[in-house]
2 protein chains.
Amino acid sequence: MDLTIAEENYLKAIYHLSEGGKKSVSTNDIAGEIQTKPASVSDMLRRLSEKQVIEYRKYYGLQITESGKQLALQTIRKHRLWEVFLVDKLQFAWDEVHEVAEQLEHIQSPLLIQRLDAFLNYPKFDPHGDPIPDEYGDVRSRPRIPLNEMNIDQVGQIVAVKDSSAAFLRYLDKVGAYIGARIKVLDKVEFDGSVEILVDQKKTLFMSKDVASNILVVQS
Amino acid sequence: MDLTIAEENYLKAIYHLSEGGKKSVSTNDIAGEIQTKPASVSDMLRRLSEKQVIEYRKYYGLQITESGKQLALQTIRKHRLWEVFLVDKLQFAWDEVHEVAEQLEHIQSPLLIQRLDAFLNYPKFDPHGDPIPDEYGDVRSRPRIPLNEMNIDQVGQIVAVKDSSAAFLRYLDKVGAYIGARIKVLDKVEFDGSVEILVDQKKTLFMSKDVASNILVVQS
DNA sequence: AAATTAAATTAGATATATCTAAAAAAAATG
DNA sequence: CATTTTTTTTAGATATATCTAATTTAATTT
């Protein structure tokens with residue numbers, strides 16, 4: 001079962017929305033994620049359903065099938081491997097890689113991905129800290145919590161951001177926070193939820209609850 | 001002026017056929033090169049003409065424009081850089097790279113190609129010995145002649161093949177001829193044009209005129 | 001529960017890219 | 001130079017992917 005590029009993009013969006021905790025994925029949600037109109041989504045859902053990568057009942061809802069999930073995971077695997085390549089080998093900044101990886105993820109060649117994986121030394125996480133599924137679609141993710149849910153004096157490591165808009169990524173870069181940074185919570189302000197953290201045992205940083213809740217960490 | 005992937009492929013084929021020595025490029029030639037039907041070619045020629053990458057007069061013929069040539073050269077540049085990447089970095093064999101490079105050549109990101117070029121150390125030739133155009137479309141190619149046109153006792157180096165079909169490439173590999181091999185012409189048979197060559201000062205090889213005329217060499 | 005609002009789908013259009021079959025133009029042949 | 005053959009183009013169909021506008025279904029409100 002081969003998917004077109006558009007179908008791959010829809011399926012990836014559906015997978016992300018399904019995993020995003022939401023109970024059901026709506027046509028509007030998908031339209032928002034893909035930057036398209038609900039009418040186009042309805043059309044595509046019918047096609048994806050015919051290809052059996054989703055189960056779909058009109059006006060009711062949809063569910064991604066096991067084979068659909070596997071296909072989505074392989075696309076995600078390719079996307080994240082290419083991101084590692086761009087950052088590690090071609091000196092891209094971690095907030096510049098998304099668009100190019102969106103194109104590269106659709107290249108079809110199992111051998112290419114196998115070799116790329118080896119060339120990059122089998123990375124387990126992409127430059128944003130997101131886990132890279134293996135060739136069987138298995139993801140070994142560490143438990144991650146929003147920074148604002150850590151307690152005072154706890155230490156951990158930034159592993160990802162929820163909102164990966166270029167604007168937010170640039171903001172993080174500017175204040176000196178980055179994926180992989182080791183942090184310690186120095187203080188939490190009760191009434192507004194803002195936090196004060198120590199980055200790499202050197203720099204003190206103050207951030208609003210809005211910002212802190214967008215940063216995901218693993219505790220150590 | 002942005003081209004679709006199909007348009008890029010047609011334009012590249014037209015460029016190759018134009019450079020291939022032939023005085024005029026026919027609809028049938030293009031259909032053969034692209035693996036499509038003449039009717040589809042006619043349609044596409046109209047579109048390429050509208051986008052001003054070719055000049056086209058129905059039933060008469062076509063000419064690639066300067067801007068068309070530049071676009072084709074950039075696609076070829078990308079294709080060949082990716083081939084170098086696949087062979088040098090990912091251990092692909094030189095007869096395995098074409099299909100994947102056909103996909104990778106359509107990735108749009110000037111920065112990516114700039115960085116890839118640097119990462120590969122600004123290669124001037126691809127794994128088949130074909131020259132890589134620079135970012136301005138300039139190609140510095142060495143004078144190349146078919147192997148069967150060399151004279152007895154002359155020495156040189158294999159730099160490319162005319163017919164790069166997988167079958168032919170595998171044949172070459174099998175007999176021990178490869179891009180970069182240093183050769184010396186030991187004998188030429190007048191009546192059938194076949195040649196006997198010494199490869200890397202070790203191995204003696206006998207080949208028909210058909211094979212020899214498909215192998216391009218630079219003399220030294 | 002009827003009326004209103006929101007969400008989702010269908011109908012119909014457009015654009016790309018392809019095909020087969022038919023028609024037109026150019027080239028080759030007797 | 002008229003006829004045949006080849007080449008090329010057009011006409012009409014199909015498939016993908018998208019849109020706007022209209023319709024249908026579901027959810028919400030009164």
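No value in this document is a laboratory result; all are computed from the given coordinates. This is a predicted model, so every value here is computed, not measured. Cβ placement follows ideal geometry from the backbone for every residue including glycine, while neighbour counts extend to all protein chains displayed.
Among A:Asp130, A:Asp88, sorting on how many other beta-carbon atoms sit within 10 Å of each Cβ, with the fewest leading, yields A:Asp88, A:Asp130.
Pairs of Cα atoms under 8 Å, at least six residues apart: use those to get the relative contact order of chain B, whole percent. Provide the component values of the computation, followed by the final result.
On the way: 314 pairs, mean separation 32.7, N = 220.
Once divided by the residue count of chain B, the mean separation gives 15 percent.
Among the lysines in the stretch B:41-168, how many pairs, 8 or more places apart or on different chains, have alpha carbons under 26 Å apart? Eligible lysine pairs with Cα atoms under 26 Å apart amount to 12.
For B:Arg140 and B:Ala118 in the same chain, what is the full-extension length gain: residue separation times 0.36 nm, less their Cα-Cα distance, in nm? Can you show the working numbers first?
Values: separation 22, 0.36 × 22 = 7.92 nm, distance 1.81 nm.
Stretched fully, the B:Arg140-B:Ala118 segment lengthens by 6.1 nm.
Approximating the spin labels as points 7 Å out from Cα along Cα→Cβ, the B:Ser165-to-B:Gln219 distance works out to 3.0 nm. Taking the Cα atoms only, what angle lies between the long axis of helix A:110-119 and the longest principal axis of chain A, rounded to 10 degrees? Relative to chain A, helix A:110-119 is tipped by roughly 20 degrees. The long axis of helix A:166-175 is offset from the longest Cα principal axis of chain A by roughly 20 degrees. Packing order of peptides B:45-54, A:186-195, highest average first: B:45-54, A:186-195 (average count of other Cβ atoms within 10 Å over each peptide's residues). In this simple spin-label model, placing a label point 7 Å from the Cα along the Cα-to-Cβ direction at both A:Asp153 and B:Arg182 gives a separation of 7.3 nm. Counting every other Cβ atom within 10 Å of each residue's Cβ, A:Thr204, A:Thr75, A:Thr36 order from fewest to most as A:Thr204, A:Thr36, A:Thr75. When A:Tyr178 is represented by a point 7 angstrom out along its Cα-to-C-beta vector, the spacings to that point in the other copies are 4.0 nm, nearest first. When the stretch A:5-64 is described by a simple charge dipole with +1 on each Lys and Arg Cβ and -1 on each Asp and Glu Cβ, the residue from A:Ser18, A:Gly61, A:Ser49 located farthest towards its positive end is A:Gly61.
When a/c reaches 1.5 or more, the comparison of a/b and b/c decides; with that in mind, is the stretch B:5-64 rounded, prolate or oblate per its Cα gyration tensor? Write down the numbers at each step before the final one.
Numbers: a/c = 1.20, a/b = 1.07, b/c = 1.12.
Rounded, since a/c falls under 1.5.
When each of A:Trp94, B:Trp82 is scored by the number of other beta-carbon atoms lying within 10 Å, the sequence from fewest to most is A:Trp94, B:Trp82. For the protein assembly as shown, the dipole from Cβ point charges (+1 on Lys and Arg, -1 on Asp and Glu) about the Cα centre works out to 60 debye, to the nearest 20.
Distances between equivalent label points of A:Gln52 across the copies, with each point positioned 7 Å along Cα→Cβ, amount to 5.1 nm, shortest listed first.
Where does the charge balance sit around B:Leu205 when Lys and Arg score +1, Asp and Glu -1, over other residues with C-beta under 15 Å from its C-beta?
Values: positive: B:Lys174, B:Arg182, B:Lys184, B:Lys188, B:Lys202, B:Lys203, B:Lys209; negative: B:Asp173, B:Asp187, B:Glu196, B:Asp200, B:Asp210.
So the surrounding residues net to +2.
Seen from A:Lys89, the other residues with C-beta closer than 9 Å to its C-beta sum to a net charge of +1, counting Lys and Arg as +1 and Asp and Glu as -1. Across the identical copies, the label point of A:Ile5 (7 Å from Cα in the Cβ direction) is separated from its matches by 0.5 nm, in order from shortest.
Relative to the dominant Cα principal axis of chain B, helix B:5-19 is inclined by about 50°.
Neighbours of A:Met150 by Cβ distance under 12 Å: Lys/Arg scored +1, Asp/Glu scored -1, total -1.
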